[in-house]
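Notes follow the structure.
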């Protein structure tokens, strides 16, 4: 990965609608998305992968009145991922995580698995009853998956652009997401840039002395 190249590159605003991500590359990227970490291995996500014109149009026409400008990005992207997050962390979900960990032998020693489950439940209880930010905390896990997947896409030569300009209620209704116990958090457009519309202006960021404190 060429970090210098990435540091001087704008996010893609205009995709080339004639280019499609090869299936092998897409599957590699989705395997990576599946593998991204989450705190306590909570895995609070479900991902909708829009790979067809019909799927992308369904999203583009339900972004909400204020966000129609993003419709072009959605339609010209090769694929768009709707990243959703649980609205509530139920006992059923937590028990499913623990059951999968046991099946995968994440902790070969049953005593360590039991200790891990106890520590996890205690931590989740703190987030819920003390910090009272469980839903926000779960969305943080979604954004961690988003950021890591964007970097993985760059490694695979795919441009990845996050989109927050959408009406959540409209998207949730269009795809029946609310009924599943999840809600839309962010969108990720994937594809290849339109070479005629690539930004050539320099990246603008604060100087390092404003951003970093060393202790």
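What is the ratio of the Cα radius of gyration of the chain to 2.2 N^0.38 Å, with N the residue count, to two decimals? Don't skip to the answer; put the middle values down first.
Working: Rg = 19.4 Å, N = 215, 2.2 N^0.38 = 16.9 Å.
Its radius of gyration relative to the 2.2 N^0.38 Å reference: 1.15.
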Using a basic spin-label model with each label point 7 Å from the Cα along Cα→Cβ, how many nm lie between residue 68 and residue 8?
3.9
Tell me the volume per residue, in Å³, of the convex hull enclosing the alpha carbons of the stretch 101-204.
206
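Based on the Kirkwood radius over alpha-carbon pairs, what value in µm²/s does the Stokes-Einstein equation return for the translational diffusion coefficient of the stretch 12-71 at 25 °C and 0.890 mPa s? Present the calculation step by step, with values, prior to reporting the outcome.
Details: Rh = 14.2 Å.
Here the translational diffusion coefficient equals 173 µm²/s.
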If you take the C-alpha gyration tensor of the stretch 87-137, multiply each eigenvalue by 5 and take the square root, what semi-axes do you get, largest first, in whole Å?
23, 13, 7
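When the helix-only estimate is applied to the chain (DSSP H runs of n ≥ 4, each -39,500 (n - 2.57), divided by the residue count), what is the mean residue ellipticity at 222 nm, nearest 500 deg cm²/dmol? Provide the component values of the computation, followed by the final result.
Numbers: 9 runs with 95 residues, N = 215.
Mean residue ellipticity, 222 nm, calculated: -13000 deg cm²/dmol.
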Within the stretch 161-187, name every residue whose backbone N is under 20 Å away from a label modeled 7 Å from Cα of residue 87 along the Cβ vector.
166-187
Using alpha-carbon positions, what is the distance between the centroids of the stretch 63-136 and the stretch 157-180, in Å?
17
More than 20 angstrom separation, counting every C-alpha pair in the stretch 1-101; what % is that?
57
On C-alpha positions alone, give me the angle between the axis of helix 91-103 and the longest principal axis of the chain, in degrees, nearest 10.
90
Counting other C-beta atoms within 10 Å, which of 119, 148 has the fewest, and how do the rest follow?
119, 148
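R0 = 45 Å: FRET efficiency of residue 107 with residue 143, Cβ-based, nearest 0.05?
Working from the Cβ atoms, E equals 0.95.
None of the figures in this text is laboratory data; all of them are computed from the coordinates on show. It should be emphasised that the depicted structure is a prediction, and the values quoted were computed from it without experimental measurement. Ideal geometry is used to build each Cβ from the backbone, glycine not excepted, and the neighbour counts take in all protein chains shown.
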